[in-house]
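Trainee: Encoded as structure tokens, here's the structure I'll be asking about.
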Amino acid sequence: MNRIINDPEQVADDAIRGVLLAYPDILAATDHPRVLRAAKRRGEGKVGIVTGGGSGHEPAFLGFVGAGLCDAVACGEIFASPTAKSFHEAFKAADFGAGVACLYGNYAGDNMNVKMAVKLAAKDGLEVRTVVANDDVASAPRAERDKRRGVAGEIMMWKAAGACSDEGGDLGQVIAVAQKAIDNTGSVGIGLSACTIPAAGKPNFTIAPGMMEVGIGHHGEPGIAVMPVETARGMAGLMMDRILEDQTFASGDDVAVLVSGLGATPVMELYILYSHVDAILRERGITPRHRFVGNYFTSLEMMGASVSVTRLDGELDRLLAHPAHSLGLTVLGR
Amino acid sequence: MSAGTGDSVSLAAAGPILFDLVAVIVREQGRLSEIDGQTGDGDHGVNMGKGFRMAGERLRAQGEFTLPQGLATLGDTLLSDIGGSMGPLYGTFFTDMAEALDDTDRIDAPHFAAMLKAGLAAVQGLGDAKPGDKTLVDVLVPARDAFDAAQREGKSFADSLAVMKAAAEAGLEATRDLVAKVGRASRLGERSRGTLDAGAASCTMILSALADGLVQRLHA
């Protein structure tokens with residue numbers, strides 16, 4: 001393991017310490033070491049937005065706390081859900097008197113910890129409503145959408161919900177917008193190499209040299225096909241086929257596209273991948289109106305990329321264009 | 001009254017059993033991670049070891065504690081410091097088992113049955129696992145059923161614990177032939193068949209250590 005770490009069991013905490021030192025203008029500590037909040041508070045009467053998840057996906061999840069995005073985040077161990085207590089503390093840090101929207105991904109641990117935290121918050125009189133992202137179209141058939149994992153499409157959900165709260169939306173409106181954003185989003189990943197949890201010391205899955213795994217999950221969950229590595233054009237075609245056949249995209253649609261590296265793929269290659277994604281969309285008469293290309297939602301040092309496509313209506317288009325500033329995402333506005 | 005009367009143990013005398021639970025999980029954490037690595041992400045032992053070690057430190061600092069006080073400390077530690085799926089599942093498992101001993105100073109067979117029932121209810125209330133889904137429920141359900149059946153047959157507390165321990169081990173072994181239906185291993189579908197479930201393995205270790213500790217103290 002050639003890694004820049006100290007104690008393998010302290011990696012998540014050590015990374016949080018570094019983030020707080022590097023971005024004091026964006027993120028602030030709370031009394032709970034695994035909970036961070038936006039340095040600039042959203043303001044009284046606004047709906048608080050909370051997310052959380054395992055570490056190892058940086059800049060997710062903490063990188064999407066900031067102006068126009070989330071207000072607080074609960075950080076777990078590497079690839080493990082934050083505790084119920086962390087989520088509960090994050091809810092408190094994001095309470096501005098109008099309720100809290102907890103927007104997170106569909107994993108067993110997160111579901112349980114959020115469920116317990118929502119109950120704890122209810123005892124304090126704090127209303128928390130949730131939206132569970134399930135945008136990974138390769139993780140289960142469409143008929144079993146509730147089993148699908150949440151992946152990089154969560155960023156669209158946080159972005160839309162954050163903007164809605166900024167505009168003064170109430171909790172019901174913020175939840176509805178977050179749900180719409182994730183319902184309109186499909187994502188697919190391709191893995192080209194495995195990743196290693198530092199405390200485990202060795203990868204728990206393998207991808208043979210020269211092979212790629214289509215539909216791989218953000219923790220190395222098996223995909224739908226293992227095949228020889230294709231060209232960037234070929235990979236874009238495979239991913240877009242999956243996304244476009246799953247969602248009801250039609251000629252004339254406007255979309256937002258997010259291409260994220262999985263950690264070890266050069267950003268340059270993400271630009272190559274994006275060029276083909278863009279071409280495939282335009283060939284079908286679909287117009288990308290928002291484009292995000294970079295390392296947004298990673299899986300430690302896995303090689304590969306994910307593509308997320310969100311079908312837009314006027315509201316989502318406006319909300320995605322709303323200014324935002326965090327360490328993972330900055331939007332200047334139109 | 002003595003620590004053990006043959007059919008019950010004082011909760012104060014049973015407190016140190018917590019150190020046996022901590023010891024077995026810390027000792028076996030490598031094996032748990034190895035089992036988990038075959039179907040999950042290989043961190044079950046790491047997270048369990050970390051949580052139980054932390055609980056062990058807190059218990060040592062606590063000094064004197066009864067069985068339910070110790071279980072509550074262990075449960076609280078897992079709930080507040082260990083996330084993932086196992087933090088909340090085992091966290092509520094132990095805290096609810098502790099609550100089942102609220103109205104007594106001694107643990108006898110009916111109290112043990114109530115404790116096991118509360119633990120199982122906690123796990124099933126939080127997760128969606130049913131018997132056959134390849135989870136710790138596949139150890140807890142046969143363990144509870146075997147203990148209850150042994151009691152109905154008029155077996156002693158110690159003999160019922162031995163029967164429960166054997167049922168837990170058989171339940172664990174049976175997870176090998178199951179296909180995971182919930183949790184991260186469920187993404188593997190058929191490929192999860194042929195391996196043990198890591199949560200079921202740790203659950204068996206916990207139930208066995210609990211049974212051994214009580215049996216030792218029943219005649220102390």
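Bear in mind that the values in this text are calculations on the coordinates, not laboratory data. Treat the numbers as computed from the prediction; the structure is a model and nothing was measured. Cβ placement follows ideal geometry from the backbone for every residue including glycine, while neighbour counts extend to all protein chains displayed.
Trainee: Where Lys and Arg each count +1 and Asp and Glu each count -1, what net charge lies around B:S10 among other residues with Cβ under 15 Å from its Cβ?
Mentor: After counting each charged neighbour, the total is -3.
Trainee: Pairs of Cα atoms under 8 Å, at least six residues apart: use those to get the relative contact order of the stretch A:185-331, whole percent.
Mentor: With pairs under 8 Å counted, the relative contact order is 30 percent.
Trainee: How do A:M1, A:M156, A:M268 line up, fewest other C-beta atoms within 10 Å first?
Mentor: The fewest-first ordering by Cβ neighbours comes to A:M268, A:M1, A:M156.
Trainee: On to the next question. Just the C-alpha atoms of the stretch B:8-218: what Rg/Rh do they give, with Rh taken as the Kirkwood radius?
Mentor: Expressed as Rg/Rh, it is 0.95.
Trainee: Hey, got a sec? Which GluC sites (Glu not before Pro) in the stretch B:54-146 land in a DSSP loop and have at most 14 other Cβ atoms within 10 Å?
Mentor: B:E64
Trainee: Quick one: if the Förster radius is 25 Å, what FRET efficiency do B:R58 and A:R17 give, using the C-beta to C-beta distance and rounding to 0.05?
Mentor: 0.55
Trainee: Say we join alpha carbon atoms closer than 10 Å with springs in a Gaussian network model of chain A; which of A:N113, A:N184, A:N295 then has the biggest fluctuation?
Mentor: A:N113
Trainee: Could you give the length gained on full extension between B:D103 and B:D177, defined as 0.36 nm per residue of separation minus the Cα-Cα distance, in nm?
Mentor: Gain in length upon complete extension: 22.6 nm.
Trainee: Between the stretch B:189-216 and the stretch A:1-62, how far is it from one alpha carbon centroid to the other, in angstrom?
Mentor: If you average the Cα positions of each part, the centres end up 35 Å apart.
Trainee: At 0.36 nm per residue, minus the direct Cα-Cα distance, what do A:R318 and A:T231 gain on full extension? Give it in nm, one decimal, please.
Mentor: Value of the extension gain: 27.8 nm.
Trainee: Between B:A3 and A:K40, with labels modelled 7 Å along Cα→Cβ, what's the label distance in nm to one decimal, could you check?
Mentor: 6.3
Trainee: Taking B:K155 as the anchor, which lysines have their alpha carbon closer than 23 Å to its alpha carbon, excluding any fewer than eight residues away along the same chain?
Mentor: In chain and number order, the partners are B:K117, B:K165.
Trainee: At q = 0.07, 0.08 Å⁻¹, work out log10 I(q)/I(0) for the protein assembly as shown with the Debye formula, treating every Cα as an identical point scatterer and leaving solvent out; two decimals please.
Mentor: Ignoring solvent entirely, the Cα scatterers give -0.42, -0.54.
Trainee: Right, something else. Among A:A94, A:A161, A:A321, which one shows the highest mean-square fluctuation when chain A is modelled as a Gaussian network with alpha-carbon springs under 10 Å?
Mentor: Residue with maximal mean-square fluctuation among A:A94, A:A161, A:A321: A:A321.
Trainee: To test your reading of the geometry: what angle, between 0 and 90 degrees and rounded to tens, separates the Cα axis of helix B:17-27 from the longest principal axis of chain B?
Mentor: Computed tilt is about 30 degrees.
Trainee: Pairs A:K85/A:K119; A:K147/B:K130; A:K180/B:K181; A:K46/A:K123; A:K40/A:K115: which are spaced more than 19 Å apart, C-alpha to C-alpha?
Mentor: A:K180/B:K181; A:K46/A:K123; A:K40/A:K115
Trainee: Still on this structure, I have one more. Classify the stretch A:11-183: rounded, prolate or oblate, from the alpha-carbon gyration tensor (a ≥ b ≥ c, eigenvalue square roots; a/c under 1.5 rounded; otherwise prolate if a/b is larger than b/c)?
Mentor: It is rounded, given that a/c, with a ≥ b ≥ c, falls under 1.5.
Trainee: Now, a different point. Could you please state, rounded to a whole Å, how far the C-alpha centre of the stretch B:156-180 is from the C-alpha centre of the stretch A:102-157?
Mentor: Between the Cα centre of the stretch B:156-180 and that of the stretch A:102-157, the gap is 34 Å.
Trainee: Determine, for B:K155, A:K202, the number of other Cβ atoms within 10 Å of each Cβ, and report the residues in order from fewest to most.
Mentor: Ranking B:K155, A:K202 by Cβ neighbours within 10 Å, fewest first, gives A:K202, B:K155.
Trainee: Subtracting the Cα-Cα distance from 0.36 nm times the residue separation, let me have the gained length for A:K123 to A:T330 in nm, one decimal.
Mentor: Stretched fully, the A:K123-A:T330 segment lengthens by 70.9 nm.
Trainee: Which of these, A:G150, A:G56, A:G43, has the largest mean-square fluctuation under a Gaussian network model of chain A (Cα springs below 10 Å)?
Mentor: A:G43
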